[in-house]
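A short write-up of the structure that comes next.
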Amino acid sequence: MDLVVTLENLVEELKERLSKADTPEALEDLRVDVLGRKGRLAQIISHLPALPPEDRPVVGQAANRVKERCAALFRERHSALLAAREADALTRFDPTLPGRAPWRGSLHPVTLITEEICGIFTGMGFEVVSGPEVENDYYNFEALNMPPEHPARDMQDTLYITEKVLMRTHTSPVQVRTMATRAAPLAVIVPGKVYRRDSDLTHTPMFHQIEGLMVDNGITMAHLRGTLTAFVRAVFGFRTQVRFRPSFFPFTEPSAEVDISCCLCGGKGRHKDESCRVCKGTGWVEILGCGMVDPAVFSAVNYPDRVSGFAFGLGVERVAMLKYGIGDLRMFFENDVRFLRQFA
Ligand code: PHE
């Protein structure tokens, strides 16, 4: 029966040692020492076979009781230590410290301007549509009044895939695609990428355009002028002046290029006592091409003679450069985060 006493002493001894174990690590060491495979309890139990058979059940039961009691003591001490550790951490936690700000992405300036422009036009009732970047010769040229051998095809150095398949050089083919599938009246705006075999300081092989097209009975150049003036003032401010210069496009007649008063010098031609670098001293900058849809385009899509319409096409990077004062086209494609972050 000595063993029963030894077993019960083990509980008392454990209580004593538990009070000194003040970290979860020290507690684990203690647990291995007492309840481990070669621990104190196991050692005591190893004497069991040496006992007279009639004593064994009593000692065995005592051993089980002690084991459970010890395990419970360990659990208690363990939760007490964890709670203490947490309470301690809380006293050192300063909720007034500024947090670490997460990295924030920002929209690319081309995306921002595209969304802004589309927003202005949808506000006027236009609908946003799109078309393929890999295009057929028919939609990019032929239906736009540029038959094979037409000299205007050379205005745009085209990237060909096959003889009849190419990378679209402008968003104007979507005019044709839209009219070929829908009847007038319609008012659409087409943002998208376009491609030209051109690469220098002011040209990149891919850039972005936004095309506009409105067709109905009785659409005149006055509608074109009013729509574009409203658009320009929404983007560049209500004081911006707009000027239409006669121009030529095979798919519009008459055609015009639109200039706006320079956003850097305000149209004066001089900035900080020097000739303005944005408008080169003229006070005007070109922002888009436009005109009245040529009857040849209407007949390619079998539209009735009674309709008329206007179309325009503008370069998104160009608008972004003017609006944000970006001097170098390459900025748009290098994706330097120091540049991009400024648009967050
Ligand atoms: N597609 C012409 C270009 O890329 C722009 C344009 C569009 C002109 C619509 C007139 C009408 O330069």
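Could you go through region 269-287 and let me know if any residue there is within 13 Å of the ligand (Cβ to nearest atom) and under 30 Å from Glu142 (Cα atoms). Taking every residue of region 269-287 in turn, at least one turns out to be within 13 Å of the ligand (Cβ to nearest atom) and under 30 Å from Glu142 (Cα atoms). Do you know which of the residues in region 41-50 that are open to solvent by less than 80 Å² (accessible area, probe 1.4 Å) and assigned to a helix (DSSP H, G or I) is farthest from Leu10 (Cα to Cα)? Within region 41-50, the match that is farthest from Leu10 (Cα to Cα) is Leu48. Quickly run through region 155-165 and pick out the residues that are within 14 Å of the ligand (Cβ to nearest atom) and modelled with pLDDT of 95 or more. Result: no residue meets the conditions. Residue-level check: of (1) touching a residue at least 24 places away in the same chain (Cβ under 8 Å); (2) within 15 Å of the ligand (Cβ to nearest atom), Ala184 misses just (2). For region 266-311, a residue qualifies if it is of a type in the set (Asp, Glu) and without any contact (Cβ under 8 Å) to a residue 60 or more places away in the chain, and the qualifying residues are Asp273, Glu274, Glu286, Asp305.
Every listed requirement among (1) closer than 25 Å to Gly119 by Cβ; (2) within 16 Å of the ligand (Cβ to nearest atom); (3) modelled with pLDDT of 95 or more is met by Val235 save one, (2).
Where the second residue is among the aromatic types (Phe, Trp, Tyr) and not in a strand (DSSP E or B) and the first is open to solvent by 10 Å² or more (accessible area, probe 1.4 Å) and lies in region 245-263, which pairs have Cβ atoms under 7 Å and are six or more apart or on separate chains? That search, which allows pairs on different chains as well, returns Cys263/Phe236.
Here is the figure for region 202-230: residues that are within 14 Å of the ligand (Cβ to nearest atom) and within 27 Å of the chain's Cα centre (by Cα) total 8.
Just checking, how many residues over region 299-331 are more than 16 Å from the ligand (Cβ to nearest atom), open to solvent by 20 Å² or more (accessible area, probe 1.4 Å) and either at positive phi or not in a loop (DSSP other than H, G, I, E, B) (or both)? Going through region 299-331 one residue at a time, the tally reaches 8. Closer than 30 Å to Ala300 by Cβ, within 16 Å of the ligand (Cβ to nearest atom) and open to solvent by 50 Å² or more (accessible area, probe 1.4 Å): is that true of Pro151 in this structure? In short, yes.
The values are calculated or read from the model by the stated rules, or taken from the named source; none is laboratory data. Bear in mind the structure is a predicted one, so any value in this text is a computation, not a measurement. So basically every Cβ, Gly included, is an ideal-geometry build from the backbone, and we count neighbours across all protein chains shown. When the accessible area is computed, the model is the full protein with side chains, heavy atoms only, and any ligands, DNA or RNA have been set aside. Shrake-Rupley method; radii C 1.70, N 1.55, O 1.52, S 1.80 Å.
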